[in-house]
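Working notes, structure below.
The values are calculated or read from the model by the stated rules, or taken from the named source; none is laboratory data. Please read all numbers here as calculations on a predicted model, not as lab measurements. Glycine gets a Cβ as well: all are built from the backbone with ideal geometry, and neighbour counts include every protein chain shown. We work out accessible area using only protein heavy atoms, side chains counted, and drop any ligands, DNA or RNA first. Shrake-Rupley method; radii C 1.70, N 1.55, O 1.52, S 1.80 Å.
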Amino acid sequence: TTPHDFEQYYTRKSLVDAYKEAGFNTYWIANQSVENGFVKRIADDADDYFFSTVDYDADASYDENLIPHLQEALEKNHQKTLIVLHTLGSHFKYNFRYPPEFNVFKPSIEGNFDTSFQNPKNREILINTYDNSILYTDFFLSNVIQTLDSLDAVSSLVYVSDHGENIYDTEEKIILHGGR
């Protein structure tokens with residue numbers, strides 16, 4: 001599969017498929033949109049799935065809202081389980097990714113704004129807001145780790161970002177996850 005043949009992603013086996021073939025019960029618990037056909041295809045392959053939001057621009061759609069669904073899946077006490085937590089993490093609009101108490105790095109974006117704010121002159125504010133979302137992601141992952149630690153079971157956590165982010169870091173003044 002290559003980036004030039006995206007359609008193959010809809011027919012190739014996924015990580016979820018591989019774990020199912022190995023006898024795992026599989027869960028897809030997501031805070032990202034059900035509207036993404038590729039993501040929905042993988043979620044449909046799981047034994048059970050949950051989507052908590054359908055809009056990237058929804059405020060208060062915090063990743064920690066997935067913890068009760070994680071706990072519910074763990075309470076089923078299957079011998080072998082794969083749980084994918086598909087978070088919003090630090091997707092734009094960054095300030096919608098964390099509650100007010102995580103607004104530590106300032107100045108930062110507060111409230112709604114239009115895309116004209118995405119301007120190199122606002123780079124410091126955008127970076128601070130992004131850093132606040134990273135702080136919240138650390139908090140969320142700490143909660144997931146605590147949840148797993150509370151089990152009397154062998155468990156592991158792997159965190160993988162689905163893409164990087166540019167905040168006017170290059171001479172081309174690229175914003176968000178654009179690039180070459």
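Structure summary
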read-out	value
Extreme residue, farthest from residue 140 (Cα to Cα), among residues of the range 101-127 that are aromatic (Phe, Trp, Tyr) and outside any loop (DSSP other than H, G, I, E, B)	117
Positions within the range 19-53 being of a type outside the set (Val, Ile, Thr), touching a strand residue (DSSP E or B) at 6+ places or on another chain (Cβ under 9 Å) and assigned to a helix (DSSP H, G or I), in sequence order	19, 20, 40, 43, 44, 45
All positions within the range 136-180 that are without any contact (Cβ under 8 Å) to a residue 60 or more places away in the chain, in a helix (DSSP H, G or I) and open to solvent by 60 Å² or more (accessible area, probe 1.4 Å)	138, 145, 146, 149
Test for residue 48: is it of a type in the set (D, E, K, R) and either in contact (Cβ under 8 Å) with a residue 60 or more places away in the chain or crowded, with 17+ Cβ neighbours inside 10 Å (or both)	no
Failed criterion for residue 89 (all others in (1) part of a loop (DSSP other than H, G, I, E, B); (2) more than 12 Å from the chain's Cα centre (by Cα) hold)	(2)
Any pair with Cβ under 9 angstrom, 6 or more apart, that starts in the range 85-102 at a residue that is open to solvent by less than 10 Å² (accessible area, probe 1.4 Å) and ends at one that is in a strand (DSSP E or B) and among the basic types (Lys, Arg)	none
Filter result for residue 10 (of a type in the set (Phe, Trp, Tyr) and in contact with a helix residue (DSSP H, G or I) (Cβ under 7 Å, 6 or more places away or on another chain))	yes
Selection within the range 27-42 - hydrophobic (A, V, I, L, M, F, W, C) and over 14 Å from the mean Cα position of the chain (by Cα)	38, 42
Hits in the range 103-120 - residues which are in contact (Cβ under 8 Å) with a residue 40 or more places away in the chain and either open to solvent by less than 70 Å² (accessible area, probe 1.4 Å) or within 23 Å of residue 67 (Cα to Cα) (or both)	118, 120
Enumeration of residues in the range 121-135 that are open to solvent by less than 60 Å² (accessible area, probe 1.4 Å) and either over 19 Å from the mean Cα position of the chain (by Cα) or over 30 Å from residue 48 (Cα atoms) (or both)	122, 125, 126, 127, 128, 129, 130, 131, 132
Of all residues making up the range 59-81, the number that are open to solvent by 40 Å² or more (accessible area, probe 1.4 Å), outside any helix (DSSP H, G or I) and on the phi < 0 side of the Ramachandran plot	7
Leading residue by the ranking (most open to solvent (accessible area, probe 1.4 Å)) among those in the range 1-15 that are farther than 23 Å from residue 72 by Cβ and in a helix (DSSP H, G or I)	7
Members of the range 16-35 that are exposed (fewer than 14 other Cβ atoms within 10 Å of the Cβ) and either under 21 Å from residue 155 (Cβ atoms) or without any contact (Cβ under 8 Å) to a residue 12 or more places away in the chain (or both)	18, 21, 22, 23
